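Enquirer: Quick one: the structure is below, and I'll ask about it shortly.
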Amino acid sequence: MAATQRRGRRIMMTPHEVDAFLAEQRTCRVATVSKDGRPHVGALWFVWDGTSLWLYSIVRSQRWTDLLRDPRVSVVVDDGVEYGELRGVELSGTVEFVGEAPRTGEPVPELETPERLFPAKNFGLDTMPHDGRHAWLRLTPERMASWDFSKI
C-alpha cells in the first residue's frame, strides 16, 4: 500500500478522486535513472486498475534500458492550465515487467485487465493490438502524493 501523504493535506485528493482522475487521464511522465545517474523523463500512455499503474513501453527505449538496470521509477500525471485548475498525482516505486517482451499477445492472466482497459481508453477498441515493439510495466506505488488546487 502506498505511503500516506503528509504535506499538503488540504489540497490532496481523496482516494475516490485519485481513482477517477487516473481513470480519465491518458498521458503520464515517467522518470527513470540513466546509467550515469542522470534522470530521464518521457511521456507515455497508461491505465490505472485501482491498485497499479500499467505502462505500455517500447522495449527498445531509454526508459526500458534504464528500468532493466534499475527498476525504480517516479511517475507524474497532471492536468490544468490556470492555477486554480492544477491537479495531479505523483506515484513512485519499483516497476515489475509483466508478460513477454516485446508483447505478442500470449495469454497472461495478470494482463487481462490492463489489456481490456488500455485499448478502450486509448484507441476505442475492444481488443489489445500488439505491434511487437511494446511490453508491459506494472507500478504498484509505494508512495503517492496528490494535489488539487481548486481546494485552496
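The values are calculated or read from the model by the stated rules, or taken from the named source; none is laboratory data. Since the model is a prediction, treat every value here as computed from it, not as a measurement. Note: ideal-geometry Cβ built from the backbone for every residue, glycine included; neighbour counts use all protein chains shown. For accessibility, only protein heavy atoms count, side chains too; no ligands or nucleic acids. Shrake-Rupley method; radii C 1.70, N 1.55, O 1.52, S 1.80 Å.
Enquirer: Can you tell which of Asp126, Asp36, Asp49 shows the greatest fluctuation in a Gaussian network model of the chain with Cα springs below 10 Å?
Expert: Looking only at Asp126, Asp36, Asp49, the largest GNM fluctuation is found for Asp36.
Enquirer: Of Gly93, Gly105, Gly80, which has the largest mean-square fluctuation in a 10 Å C-alpha GNM of the chain?
Expert: Looking only at Gly93, Gly105, Gly80, the largest GNM fluctuation is found for Gly80.
Enquirer: Where does the charge balance sit around His130 when Lys and Arg score +1, Asp and Glu -1, over other residues with C-beta under 11 Å from its C-beta?
Expert: Working: positive: Arg103, Arg133; negative: Glu100, Glu106, Glu115, Asp131.
Within the 11 Å Cβ shell, the charges total -2.
Enquirer: Under the Karplus relation 6.51 cos²θ - 1.76 cosθ + 1.60, θ = phi - 60°, what is the ordered set of whole-Hz ³J(HN,Hα) values for the range 79-96, x standing for Gly and Pro?
Expert: Computed from phi, the couplings for the range 79-96 are 7, x, 10, 7, 3, x, 9, 5, 8, x, 9, 10, 10, 9, x, 10, 7, 10 Hz.
Enquirer: Is the shape of the range 88-138 rounded, prolate or oblate, going by the alpha carbon gyration tensor and its root eigenvalues a ≥ b ≥ c, with a/c under 1.5 for rounded and a/b larger than b/c for prolate?
Expert: Note, shape of the range 88-138 comes out oblate.
Enquirer: Quickly estimate the mean residue ellipticity at 222 nm for the chain, helices only: each DSSP H run with n ≥ 4 gives -39500 (n - 2.57), and the total goes over all residues, rounded to 500.
Expert: Taking each H run of at least 4 residues, the total per residue is -5500 deg cm²/dmol.
Enquirer: If the only charges are +1 at each Lys and Arg Cβ and -1 at each Asp and Glu Cβ, what is the size of the charge dipole of the range 99-139 around the Cα centre, to the nearest 20 debye?
Expert: With only Lys, Arg, Asp and Glu charged at Cβ, the dipole is about 180 debye.
Enquirer: Here's another thing I want to ask about it. For the range 64-152, rounded, prolate or oblate, judged on the Cα gyration tensor with a ≥ b ≥ c (square roots of eigenvalues), a/c < 1.5 rounded, else prolate if a/b > b/c?
Expert: Oblate shape, in that a/c is at least 1.5 and b/c is the bigger or equal ratio.
Enquirer: Within the range 23-55, name every residue whose backbone N is under 19 Å away from a label modeled 7 Å from Cα of Arg133 along the Cβ vector.
Expert: 27-28, 30, 42-47, 55
Enquirer: How large is the accessible surface per residue of the range 104-152, computed with a 1.4 Å probe and reported in Å² as a whole number?
Expert: Per-residue value: 58 Å².
Enquirer: Assuming a ≥ b ≥ c are the square roots of the Cα gyration tensor eigenvalues, decide whether the range 1-110 counts as rounded (a/c under 1.5), prolate (otherwise, with a/b larger than b/c) or oblate.
Expert: It is prolate, given that a/c is not under 1.5 and a/b is the larger ratio.
Enquirer: If we count every other residue with Cβ under 15 angstrom of Glu110's Cβ, Lys/Arg +1 and Asp/Glu -1, where does the sum land?
Expert: Working: positive: Arg103, Arg116, Arg138; negative: Asp49, Glu96, Glu100, Glu106, Glu112, Glu115.
Summing Lys and Arg as +1 and Asp and Glu as -1 gives -3.
Enquirer: I've got another one for you. Give, as a single signed number, the net charge of other residues whose beta carbon lies under 13 Å from the beta carbon of Leu68, with Lys and Arg counted +1 and Asp and Glu -1.
Expert: Summing Lys/Arg as +1 and Asp/Glu as -1 gives +2.
Enquirer: Tell me which chymotrypsin sites (Phe, Trp or Tyr not before Pro) from the range 72-152 have a DSSP coil assignment and no more than 11 other beta carbons within 10 Å of their own.
Expert: Filter output for the range 72-152: empty list.
Enquirer: Considering only protein heavy atoms, what is the solvent-accessible area of Thr127 at a probe of 1.4 Å, reported in Å² to the nearest 10?
Expert: Ignoring ligands and nucleic acids, Thr127 comes out at about 100 Å².
Enquirer: What is the magnitude of the charge dipole of the chain about its Cα centre, with +1 placed on the Cβ of each Lys and Arg, -1 on the Cβ of each Asp and Glu, and no other charges, expressed in debye to the nearest 20?
Expert: I would put it at about 600 debye.
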